[in-house]
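Engineer: Would you mind keeping the following structure in view while I ask a few things?
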There are 2 protein chains.
Amino acid sequence: MTDVVIAGLGQTQVGEHWDVSLRELALQAIETARQDAGGLQPQALVVSNMLAPNLSGQAHLGALIADFAGLTGIEATAVEAAGASGGVALRQGYLSVAAGAADVVLVVGVEKMTDKVGGEAEAANATAVDSDYEAIQGLTPSAQAALLMRRYLHETGAPRASFAGFPVNAHANAASNQYAMFRKAISTETYNRAGMVNDPLNLFDIAPNADGAAAVIITRPELLPPAFPHPLVRLSGSSVVTDTLALHDRPAPLVFNAARLSVERACRQAGILPTDVDLFELFDSYSIYAVLTLEAAGFAQYGQGWKMAQKEQISLQGSLPVATYGGLKARGNPGGATGIYQVVEAALQLRGQAGQNQVPHARYALVQCLGGPASTAASHVLETLN
Amino acid sequence: MTDVVIAGLGQTQVGEHWDVSLRELALQAIETARQDAGGLQPQALVVSNMLAPNLSGQAHLGALIADFAGLTGIEATAVEAAGASGGVALRQGYLSVAAGAADVVLVVGVEKMTDKVGGEAEAANATAVDSDYEAIQGLTPSAQAALLMRRYLHETGAPRASFAGFPVNAHANAASNQYAMFRKAISTETYNRAGMVNDPLNLFDIAPNADGAAAVIITRPELLPPAFPHPLVRLSGSSVVTDTLALHDRPAPLVFNAARLSVERACRQAGILPTDVDLFELFDSYSIYAVLTLEAAGFAQYGQGWKMAQKEQISLQGSLPVATYGGLKARGNPGGATGIYQVVEAALQLRGQAGQNQVPHARYALVQCLGGPASTAASHVLETLN
């Protein structure tokens, strides 16, 4: 397939933006990305969003955001795959460039989750699980994660306290990320003292719902402006894989098969092994998901993923840095925007523009986002060409 | 780009399916399409849906439907662009095959709109218009159409009664469509006597909300089974174009610019002129939209589209048959499924499998669906290769 490269990156502060509308938030990220791309003109727009039809009464986001961004008339659509929406949207944009249908594609993720109080947001989030067989029984996304964590503790003998390493690492990295929701490092003690939310998930095992927008502009390398000011980053691998929507339909619920397969396929396309990557922007919506995706991607054996945080393998200087800008846990989790934040962060790493968060000598990055318990998994390999 | 052909077609009865779940409805259409495609195995699924997150509490439809259809593990996603969702989903599938990312793609549209009573469904429908500037003022999709029809009557001098020809034609064609919601011909008198719903729109100017599912399987021609039993239909042109979401932002609201541009681009790609097509599955969600799209596509001059129904140009034996299976008006309008129904119907015409609804010697079909007042327009050209 055609080479597809990243031309522009944009992101807004993640947090609670009660005074900014959905379209304005999206526009902020888009304008930054367009400036970053040196004036390339997008011909198509893919919008990633999960909950605007429910929480903002607004669907039809393709036309809305294209119009508001001054791009009236371009091809535009919205895609949704729960927490994997961002990765799926990036793949749609990638396919559009790869097919030769558009030269320059803008992919924007935007979400406003904090205008509504907790229960309403959680009910909206629960549209991502099986409504007829799970949500109707009260099973929400965080309850799914709690069931999986309990099962993991039971089956593997991992110590409960060992999960601390993931939020501790995430918060440490977020402290130097100006866009992060929580820029405060936490200690293991803070983690251990945290209140229980959804037993055994405590407050720090759960990424916060947030508002935010992030944007990526992709194109073919030969279309970049002659004086393109950034090191070149290629989308070298792209894969979306699904699994059963309902957790109870899985023979081995602790094995995230779609996460595994999508990593394998994205890496195969990129011509690398997962072990070749220099950082892994994983989907730590719950700390147990960080563990399960490390195992699914092959970085740890079954039942051993929790050890990676203990040995400091996952810090910026470790052998496999994760959540390098704070991850979902500390940068914040703005739903459909999250997958695009991950791509923006990984691309900044590969450009060498990550400042205090820089992973040394980063050449390959693996980026993965999940819808539900990896009911959808989208994985991308980014590669620096400089 | 790679040739992309239609391998399988499936549709369910359009109507009120209170006893069938969303996933079951989708499955019925998928199973028919898979049988029709002679056993081709889909590698990717694109789901078109507008309102399930609001009306059924269910998002994440890619994973849900892939799983329920026995395709667990394939790539899957959902796309949304209001009433244009079906056409946009077909285009996503098309790009996936054209990019070489998947050999066989299943595109399914599914919608359940009748489980909720009128007001709730209309509120959900109103998520397709601009929530901050239109819906908040009470402007719903049918109110938009009413404004446009009033303006059209005022500006062009078209007689109010002249709109009758569109629903009369649609109902006549639906009478012999076993999948149609309303299989009853109506007379001009019936139209003229109909109650006013949203002045000047009467009951027969408005397509009914409905439940339904339709599916299309597409692939590269060389991958078809050797004894493929159907005449070959190619997707020769594909285009999605947007316009302002809000109607008040348009300098000339009666000109559906996105509808015009998407027809031009799809026809250019197919190497034909709009006047070469043998039938036009247009988007008659409101009779005024049938008129405006005929004008936008160039089949009639500005202010003259209403005459096409009077001169019987649009009947099955006319020079430009439209709504050949009843259109949105009489087949019914199951939201995100509608655009796929249109493609199924056009493909049956080109295969020569349309029975009593057959348009003689049909070689090219133009299919168009709209989100809002052509805020998104998706146009496809289908061509028979036999």
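Engineer: Looking at region A:260-269, can you tell me whether even one residue there is of a type in the set (S, T, N, Q) and within 12 Å of another protein chain (Cβ to nearest Cβ)? Talk me through it step by step, then tell me what you get.
Structural biologist: Of region A:260-269, the ones of a type in the set (S, T, N, Q) are A:262, A:269.
From what is left, the residues that are within 12 Å of another protein chain (Cβ to nearest Cβ) are A:262, A:269.
So far as region A:260-269 goes, yes, one or more of its residues are of a type in the set (S, T, N, Q) and within 12 Å of another protein chain (Cβ to nearest Cβ).
Engineer: Quick one: how many residues across region A:146-164 are within 25 Å of the chain's Cα centre (by Cα) and of a type in the set (S, T, N, Q)?
Structural biologist: 1
Engineer: Residues being open to solvent by less than 10 Å² (accessible area, probe 1.4 Å), more than 14 Å from chain A (Cβ to nearest Cβ) and outside any helix (DSSP H, G or I): count how many of those fall in region B:355-375.
Structural biologist: In the first step, residues of region B:355-375 are kept if they are open to solvent by less than 10 Å² (accessible area, probe 1.4 Å); the result is B:357, B:359, B:365-371, B:373-375.
This time we only want the ones that are more than 14 Å from chain A (Cβ to nearest Cβ), so: B:357, B:359, B:365-368.
Checking which are outside any helix (DSSP H, G or I) leaves us with B:359, B:365-368.
Residues meeting the conditions: 5.
Engineer: Follow-up question, since we're still on this one. Can we say B:Gln342 is touching a Ser or Thr at 6+ places or on another chain (Cβ under 7 Å) and not aliphatic (A, V, I, L, M)?
Structural biologist: Taking the combined requirement at face value, the residue does not satisfy it.
Engineer: Then there is this: Sort out which residues of region A:181-205 are of a type in the set (A, V, I, L, M, F, W, C) and crowded, with 24+ Cβ neighbours inside 10 Å, and write them in order of number.
Structural biologist: A:Met181, A:Phe204
Engineer: With the condition kept exactly as written, say whether any residue in region B:15-22 is free of Cβ contacts under 8 Å to residues at least 40 places away in the same chain, among the aliphatic types (A, V, I, L, M), surrounded by fewer than 24 Cβ atoms within 10 Å (Cβ to Cβ) and within 14 Å of chain A (Cβ to nearest Cβ).
Structural biologist: Within region B:15-22 (the criterion being free of Cβ contacts under 8 Å to residues at least 40 places away in the same chain, among the aliphatic types (A, V, I, L, M), surrounded by fewer than 24 Cβ atoms within 10 Å (Cβ to Cβ) and within 14 Å of chain A (Cβ to nearest Cβ)), the answer is no, since none of the residues qualifies.
Engineer: Would region A:378-386 turn up any residue that is among the aliphatic types (A, V, I, L, M), surrounded by fewer than 24 Cβ atoms within 10 Å (Cβ to Cβ) and in contact with a strand residue (DSSP E or B) (Cβ under 6 Å, 6 or more places away or on another chain)? Before you say what the answer is, go through the steps one by one.
Structural biologist: Quick first cut of region A:378-386, residues among the aliphatic types (A, V, I, L, M) only: A:378, A:381-382, A:385.
Narrowing the set further to residues that are surrounded by fewer than 24 Cβ atoms within 10 Å (Cβ to Cβ) leaves A:385.
Those still in the list that are in contact with a strand residue (DSSP E or B) (Cβ under 6 Å, 6 or more places away or on another chain) too: A:385.
For region A:378-386, residues among the aliphatic types (A, V, I, L, M), surrounded by fewer than 24 Cβ atoms within 10 Å (Cβ to Cβ) and in contact with a strand residue (DSSP E or B) (Cβ under 6 Å, 6 or more places away or on another chain): present.
Engineer: Given the structure, is B:Ser262 touching a residue at least 60 places away in the same chain (Cβ under 8 Å), crowded, with 18+ Cβ neighbours inside 10 Å and either among the β-branched types (Val, Ile, Thr) or not in a helix (DSSP H, G or I) (or both)?
Structural biologist: So B:Ser262 fails the test.
Engineer: Give me the helices (runs of 4 or more DSSP H) completely within region A:45-150, filtered to those with at least 3 residues that are closer than 28 Å to A:Asp19 by Cβ and either open to solvent by less than 20 Å² (accessible area, probe 1.4 Å) or more than 11 Å from every other protein chain (Cβ to nearest Cβ) (or both), ordered by residue number. Step through it out loud before you land on a result.
Structural biologist: Details: elements: A:52-55, A:61-68, A:85-98, A:118-125.
Here the list reads A:61-68, A:85-98, A:118-125.
Engineer: Just one of A:Pro167, A:Pro159 is closer than 15 Å to A:Asp284 by Cα and either in contact with a Ser or Thr (Cβ under 6 Å, 6 or more places away or on another chain) or of a type outside the set (Phe, Trp, Tyr) (or both); which is it?
Structural biologist: Numbers: A:Pro159 fails: closer than 15 Å to A:Asp284 by Cα.
Of A:Pro167, A:Pro159, the one residue that is closer than 15 Å to A:Asp284 by Cα and either in contact with a Ser or Thr (Cβ under 6 Å, 6 or more places away or on another chain) or of a type outside the set (Phe, Trp, Tyr) (or both) is A:Pro167.
Engineer: Hey, among the residues in region B:265-281 that are in a helix (DSSP H, G or I) and in contact with a helix residue (DSSP H, G or I) (Cβ under 7 Å, 6 or more places away or on another chain), which one's most open to solvent (accessible area, probe 1.4 Å)?
Structural biologist: Within region B:265-281, the subset in a helix (DSSP H, G or I) is B:265-270, B:274-276.
Add one more test, that the residue is in contact with a helix residue (DSSP H, G or I) (Cβ under 7 Å, 6 or more places away or on another chain), and what stays is B:267, B:274.
Working: B:Cys267: 2, B:Pro274: 30 Å².
Within region B:265-281, the match that is most open to solvent (accessible area, probe 1.4 Å) is B:Pro274.
Engineer: Within region A:285-296, can one find any residue that is surrounded by fewer than 24 Cβ atoms within 10 Å (Cβ to Cβ), in contact with an Asp or Glu (Cβ under 8 Å, 6 or more places away or on another chain) and modelled with pLDDT of 95 or more?
Structural biologist: Within region A:285-296, not a single residue is surrounded by fewer than 24 Cβ atoms within 10 Å (Cβ to Cβ), in contact with an Asp or Glu (Cβ under 8 Å, 6 or more places away or on another chain) and modelled with pLDDT of 95 or more.
Engineer: Conditions: (1) more than 30 Å from A:Gly138 (Cα to Cα); (2) without any contact (Cβ under 8 Å) to a residue 12 or more places away in the chain; (3) not β-branched (Val, Ile, Thr). A:Ala252 meets all but one. Number of the miss?
Structural biologist: Going through (1) more than 30 Å from A:Gly138 (Cα to Cα); (2) without any contact (Cβ under 8 Å) to a residue 12 or more places away in the chain; (3) not β-branched (Val, Ile, Thr) one by one, A:Ala252 breaks only (1).
Engineer: Follow-up question, since we're still on this one. Can you list residue pairs whose Cβ atoms sit under 7 Å apart, with the first residue in region B:74-103 being charged (D, E, K, R) and the second being in a loop (DSSP other than H, G, I, E, B)? Count only pairs 6 or more apart in sequence or on different chains.
Structural biologist: B:Glu75/B:Gln43; B:Glu75/B:Ala102; B:Glu80/A:Ala59; B:Glu80/B:Asn49; B:Glu80/B:Met50; B:Asp103/B:Gln43; B:Asp103/B:Arg220
The values are calculated or read from the model by the stated rules, or taken from the named source; none is laboratory data. Just so we're clear, the structure is a prediction, and the values are computed from it rather than from any experiment. Cβ atoms come from the backbone with ideal geometry, glycine included; neighbour counts cover every protein chain shown. Calculation scope for accessible area: heavy atoms of the full protein, side chains included, ligands and nucleic acids excluded. Shrake-Rupley method; radii C 1.70, N 1.55, O 1.52, S 1.80 Å.
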